[in-house]
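This report concerns only the one structure given below.
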Amino acid sequence: MVIYFTTNVISPPMTIFMGNDKYENEDLIKWGWPEDVWFHVDKVSSAHVYLRLQKNQTLDDIPTSVLEDCAQLVKANSIQGNKMNNVDVVYTMWNNLKKTAGMEVGQVGFHNQKEVRVIQVAKRINEIINRLNKTRSEVEHVDLRAQKEERDRKERENEKKIARELKEKEKKEQKMKQELAEQRSYSALMKPEYMKSNKDSDNDSDEFM
């Protein structure tokens with residue numbers, strides 16, 4: 001079961017989701033999207049919360065209000081973190097998550113620590129949690145693999161379309177260059193110094209061999 005929330009503090013709203021247990025967290029790690037941002041309370045156990053961005057968006061594009069929603073949700077879903085003040089919540093893009101064979105279920109590391117950011121949560125804000133819980137929906141038997149494969153299929157189709165359009169554009173540009181070169185060549189030949197009439201010839205028109 002995957003639990004979904006909607007943060008509507010901005011327009012259009014954004015989707016936040018998390019697994020119900022460590023095994024679902026494992027699937028979320030495995031079948032995440034490049035557009036997903038991962039959140040977790042630093043150094044203590046908590047839910048793995050994800051925020052789905054639009055294509056080509058980065059961590060810098062996340063509004064402060066949405067960051068706060070995600071951080072509050074992570075804190076509220078941490079047994080230890082929920083009781084603590086001034087907890088750090090770490091977040092990074094999904095493709096920076098590192099999973100090795102020796103790690104426990106649901107455990108992750110990072111490929112690049114420099115790509116991990118931290119937001120401090122002073123205390124739980126019930127107003128935020130209550131607002132998010134009003135949008136909560138639980139979906140049984142989510143096929144995360146199928147969703148990822150469909151996303152990747154559309155991405156490949158879009159890349160092929162862009163490649164075809166680029167190739168067609170290059171062909172048109174090459175044709176235009178060729179036509180322009182031919183026009184310039186023809187114009188050069190039509191210059192007066194290159195043009196002669198029969199009157200300009202040294203030979204008498206009545207003389208034949």
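The values are calculated or read from the model by the stated rules, or taken from the named source; none is laboratory data. Everything numeric here is computed off the predicted structure, so don't read it as measured data. So basically every Cβ, Gly included, is an ideal-geometry build from the backbone, and we count neighbours across all protein chains shown. Remember, those area values only see protein heavy atoms, side chains included, never the ligands or the DNA or RNA. Shrake-Rupley method; radii C 1.70, N 1.55, O 1.52, S 1.80 Å.
So what's the angle, to the nearest 10 degrees on a 0 to 90 scale, between helix 144-189 and the longest Cα principal axis of the chain? Here the helix axis deviates by roughly 20 degrees. Local charge for MET84 was computed over the other residues whose Cβ lies under 12 Å away, with Lys and Arg +1 and Asp and Glu -1, and equals +3. The GluC sites (Glu not before Pro) found in segment 102-144 that occupy coil by DSSP, while having at most 15 further C-beta atoms within 10 Å, are GLU104, GLU140. Counting only protein chain heavy atoms and rolling a 1.4 Å probe, the accessible areas of MET103, MET14, MET84 rank, largest first, as MET84, MET103, MET14. For LYS99, a cut-off of 16 angstrom between C-alpha atoms picks up these lysines, skipping any fewer than 8 places away in its own chain: LYS22, LYS30. Estimated purely from DSSP H runs of n ≥ 4, each contributing -39500 (n - 2.57), the mean residue ellipticity at 222 nm for the chain is -12500 deg cm²/dmol once divided by its residues.
For the set LYS30, LYS55, LYS43, LYS75, the ranking by accessible area, highest first and with no ligand, DNA or RNA atoms included, is LYS43, LYS30, LYS55, LYS75 under a 1.4 Å probe. Would you mind checking the tilt of helix 64-76 against the longest principal axis of the Cα atoms of the chain, expressed as 0 to 90 degrees and rounded to 10? Taking the Cα atoms of the chain, the angle to 64-76 is about 40 degrees. Pairs of alpha carbons in segment 82-189 separated by more than 25 Å make up 63% of all such pairs. If you sort THR6, THR92 by accessible surface, 1.4 Å probe, largest first, the order is THR6, THR92.
Judged by the gyration tensor of its Cα atoms, with axes a ≥ b ≥ c, segment 1-89 is oblate; a/c meets the 1.5 cut and b/c is at least as large as a/b. The residues neighbouring GLU149, those whose beta-carbon lies less than 11 Å from its own, together hold a net charge of +2 under the Lys/Arg +1, Asp/Glu -1 convention. In terms of its C-alpha gyration tensor, segment 1-158 has a rounded overall shape, because the principal axis ratio a/c (a ≥ b ≥ c, square roots of the eigenvalues) stays below 1.5.
Which of these, SER11, SER185, SER45, has the largest mean-square fluctuation under a Gaussian network model of the chain (Cα springs below 10 Å)? Highest fluctuation of the listed residues: SER185.
Note on SER65 and LEU144: the extension gain reaches 25.7 nm, defined as 0.36 nm multiplied by sequence separation minus the Cα-Cα distance.
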